[in-house]
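**Q** If you scroll down you'll find the structure; I have some questions about it.
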Amino acid sequence: MRLLFTTLLCLIITALSLKAQTVVTVSSNITTNTTWTSNNIYVLSGPSFLYVTNNATLTIEAGTLIKGDPSALVITRGCKIIAEGTKTRPIVFTSNQPAGQRAAGDWGGLAILGRAPLNVPGGESVLEGGLDPDLGKYGGGANPDPADNSGVLRYVRIEFAGIAFQPNNEINSLTLGGVGTGTVIEHVQTSFGGDDAFEWFGGNVNGKFLVAYKTVDDMFDTDFGYQGKNQFVLGISDPNIADIS
């Protein structure tokens, strides 16, 4: 009886905590240090892209849920994202469509931009996919920093993201532009992407435990002289799902 009572109490507390989640709409750029907490659900519903700017750090607590509707989230050069999930409390980026109605390409995905080297003239470029020509710049130019630190992604899942803006001009589930070795990318899964699952444009960030699940285009794509190392990488394709390429 005591065990039953304890179990019921735990279920009630859990239900109450789930009910207490507040939906927070994010519709403008993040310009100061900001923390997103697991007691809220964050909906990215600004224009096509929401940017973290002004050397700000966006910290996301373990267990936090973020929904794209349809904005992409872009961490610009000099800024950081600290998304430290855990094995039992991952951080999830997903579509804002109801469960069962979500589809590849519902929202723009996550892009991280740094100051590491690129093999393009001038050492910098603007990320493809229709980004702002200034905020979308990545690479260190004439003075690149191979050890540039854009933060941490650990135990993060990205779902139903990635949009083909034009042929060969897309935003992916996770896009890493000029990201340096000071950045941690570990235990990251992308699922049901509308373009590439992971794409590196230059830089030399390393990764571990990366999973690409049923994306419509490339699972792992590199451009502009990417020089990082990745260990324990798994890609799973659906033979019935692909884009025009």
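**Q** Which condition does LYS208 not pass, out of (1) closer than 27 Å to ARG102 by Cβ; (2) under 16 Å from the mean Cα position of the chain (by Cα), if it passes all the others?
**A** (1)
**Q** Give segment 30-76 a look and list any residue that's open to solvent by less than 50 Å² (accessible area, probe 1.4 Å), at pLDDT below 95 and hydroxyl-bearing (Ser, Thr, Tyr), or say none.
**A** Across segment 30-76, the qualifying residues are SER45, SER71.
**Q** Pull out all pairs, ordered by first then second residue, where Cβ-Cβ is under 7 Å, the residues are six or more apart or on different chains, the first lies in segment 197-211 and is touching a residue at least 24 places away in the same chain (Cβ under 8 Å), and the second is of a type in the set (Val, Ile, Thr) and outside any loop (DSSP other than H, G, I, E, B).
**A** Partner pairs satisfying both residue conditions: ALA197/THR190; PHE198/THR190; GLU199/THR175; TRP200/THR222; VAL205/ILE185; GLY207/ILE185; LEU210/VAL188; LEU210/VAL233.
**Q** Still on this model: Scanning for something modelled with pLDDT of 95 or more, at positive phi and open to solvent by 10 Å² or more (accessible area, probe 1.4 Å), does segment 162-182 turn up at least one residue?
**A** Checked segment 162-182: no residue is modelled with pLDDT of 95 or more, at positive phi and open to solvent by 10 Å² or more (accessible area, probe 1.4 Å).
**Q** Can I ask one more? Any chance segment 209-217 includes a residue that's of a type in the set (Gly, Ala, Ser) and either in contact with an Asp or Glu (Cβ under 7 Å, 6 or more places away or on another chain) or assigned to a loop (DSSP other than H, G, I, E, B) (or both)?
**A** Among the residues of segment 209-217, not one is of a type in the set (Gly, Ala, Ser) and either in contact with an Asp or Glu (Cβ under 7 Å, 6 or more places away or on another chain) or assigned to a loop (DSSP other than H, G, I, E, B) (or both), which makes the answer no.
**Q** All but one of (1) touching a strand residue (DSSP E or B) at 6+ places or on another chain (Cβ under 9 Å); (2) in contact (Cβ under 8 Å) with a residue 24 or more places away in the chain hold for LYS229; state the number of the condition that does not hold.
**A** Just one mismatch for LYS229, condition (2).
**Q** Please go through segment 128-142 and pick out each residue that is surrounded by fewer than 21 Cβ atoms within 10 Å (Cβ to Cβ) and either of a type in the set (A, V, I, L, M, F, W, C) or assigned to a strand (DSSP E or B) (or both).
**A** LEU135, LYS137, ALA142
**Q** Considering only residues that are more than 23 Å from THR181 (Cα to Cα), open to solvent by 30 Å² or more (accessible area, probe 1.4 Å) and at pLDDT 90 or above, which ones fall in segment 192-217?
**A** Residues satisfying the conditions are PHE192, TYR213, LYS214.
The values are calculated or read from the model by the stated rules, or taken from the named source; none is laboratory data. Keep in mind that what you see is a predicted model, and the values were worked out from it rather than measured. Ideal geometry is used to build each Cβ from the backbone, glycine not excepted, and the neighbour counts take in all protein chains shown. Note: areas computed on protein heavy atoms with side chains; ligands, DNA, RNA excluded. Shrake-Rupley method; radii C 1.70, N 1.55, O 1.52, S 1.80 Å.
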